[in-house]
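To start, the structure itself, in structure tokens.
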Amino acid sequence: MRRRTTPRAVLLAGAELLLWWGALALLWLVLISTVDTLERIVGASVAAAGALLARAGRRAVSWR
């Protein structure tokens, strides 16, 4: 049996990921003294991975 996702749930998940990504990217930029293009790419990538892990961790805790 397949579970359908509502557009609202998809929007909330996207907003949560965007919020996590923004916070982690901002933290990355604050901790780096001089920002090069490569550092921006690495920071954005690491922030995206961190956002996915933070969402997965929050969902794992809320299932209990």
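Quick notes on this one:
- A Cβ-based charge dipole, computed about the Cα centre of the chain with Lys and Arg at +1 and Asp and Glu at -1, lands at about 680 debye.
- Solvent-accessible area, 1.4 Å probe, carbon plus sulfur percent, for the chain: 69 percent
- Distance between modelled label sites at Val35 and Thr6, nm, 7 Å Cα→Cβ extension: 3.7 nm
- When the charge dipole of the chain is built from unit charges on Cβ atoms (+1 for Lys and Arg, -1 for Asp and Glu) and taken about the Cα centre, the candidate among Leu12, Ala49, Leu26 whose Cα reaches farthest toward its positive end is Leu12.
- Ellipticity estimate at 222 nm from DSSP helix runs (n ≥ 4, -39,500 (n - 2.57)) divided over the chain, nearest 500: -28500 deg cm²/dmol
- Per residue accessible area of the chain, 1.4 Å probe, in Å²: 88 Å²
The values are calculated or read from the model by the stated rules, or taken from the named source; none is laboratory data. Just so it is clear, the model here is predicted, and its values are computed rather than measured. Neighbour counts run over all protein chains shown; Cβ positions are idealised from the backbone, glycine included. For accessibility, only protein heavy atoms count, side chains too; no ligands or nucleic acids. Shrake-Rupley method; radii C 1.70, N 1.55, O 1.52, S 1.80 Å.
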